[in-house]
Amino acid sequence: MENRYSTCKRRVEKRMVLRYFLDTYAFIEIIKGNPNYDKYVECECYTTILNLYELYYQLLKSYGQEAADSYYSKYLSLKLEIKEEYIPKSALFRLNHKQQNVSYVDALGYTIALENGLIFLTGDKEFKNLPNVVFEK
């Protein structure tokens with residue numbers, strides 16, 4: 001029989017689950033089997049349709065349509081809505097970081113991560129020293 005302590009402990013552990021926003025770089029590394037990304041495979045993860053578009057293109061180019069279709073279908077359920085209010089915020093972020101040459105898709109993804117309390121997971125050097133980022137190569 002379960003006691004109150006173990007029930008409470010499970011609730012606390014459940015609330016402490018880290019939630020990530022995966023950029024295209026992170027998806028590619030997971031698919032390639034990079035061991036640095038193994039710990040994120042079972043995490044609660046999200047992305048946007050634009051990141052899935054980038055991923056599809058990269059997979060199509062490198063591995064063919066069958067692989068691209070397969071991974072697109074697999075990750076489609078992770079997509080978040082791109083709300084109108086994210087556009088001005090991500091444009092401002094991109095402008096403020098123009099020296100780092102942040103892409104439109106990455107600026108939007110980072111903004112969405114911040115707005116949704118998600119940790120931005122990437123290996124893109126442009127994000128290495130920014131807050132709310134886990135940088136993995």
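The values are calculated or read from the model by the stated rules, or taken from the named source; none is laboratory data. This one's a predicted model, so the numbers in the text were calculated from it and none came from an experiment. As a convention, Cβ positions derive from the backbone with ideal geometry for all residues, glycine included, and neighbour counts pool all protein chains shown.
Out of the range 65-88, which residues are more than 14 Å from the chain's Cα centre (by Cα), closer than 15 Å to Leu50 by Cβ and among the basic types (Lys, Arg)?
Lys83
How many residues does the range 109-137 hold that are part of a loop (DSSP other than H, G, I, E, B) and of a type in the set (Lys, Arg)? Steps first, answer last, please.
Quick first cut of the range 109-137, residues part of a loop (DSSP other than H, G, I, E, B) only: 116-118, 123-124, 128-132, 136-137.
The next check asks that each one be of a type in the set (Lys, Arg); those that pass are 128, 137.
Qualifying residue count for the region: 2.
Considering only helices (runs of 4 or more DSSP H) fully contained in the range 1-108, which possess at least 3 residues that are modelled with pLDDT of 95 or more and surrounded by 12 or more Cβ atoms within 10 Å (Cβ to Cβ)?
Numbers: elements: 4-15, 24-32, 49-63, 65-75, 86-96.
Those helices (runs of 4 or more DSSP H) span 24-32, 49-63, 65-75, 86-96.
Among the candidates Lys98, Lys137, Lys128, Lys61, single out the residue that is under 19 Å from Lys32 (Cβ atoms) and either touching a Cys at 6+ places or on another chain (Cβ under 8 Å) or without any contact (Cβ under 8 Å) to a residue 24 or more places away in the chain (or both). Show your work before the answer.
On the way: Lys98 fails: under 19 Å from Lys32 (Cβ atoms); Lys137 fails: either touching a Cys at 6+ places or on another chain (Cβ under 8 Å) or without any contact (Cβ under 8 Å) to a residue 24 or more places away in the chain (or both); Lys128 fails: under 19 Å from Lys32 (Cβ atoms).
That would be Lys61, the only listed residue that is under 19 Å from Lys32 (Cβ atoms) and either touching a Cys at 6+ places or on another chain (Cβ under 8 Å) or without any contact (Cβ under 8 Å) to a residue 24 or more places away in the chain (or both).
Kindly list, by first and then second residue, each pair from a residue in the range 22-40 that is over 16 Å from Tyr75 (Cβ atoms) to a residue that is assigned to a loop (DSSP other than H, G, I, E, B), limited to pairs with Cβ atoms under 6 Å and residues at least 6 apart or on different chains.
Asn36/Glu136
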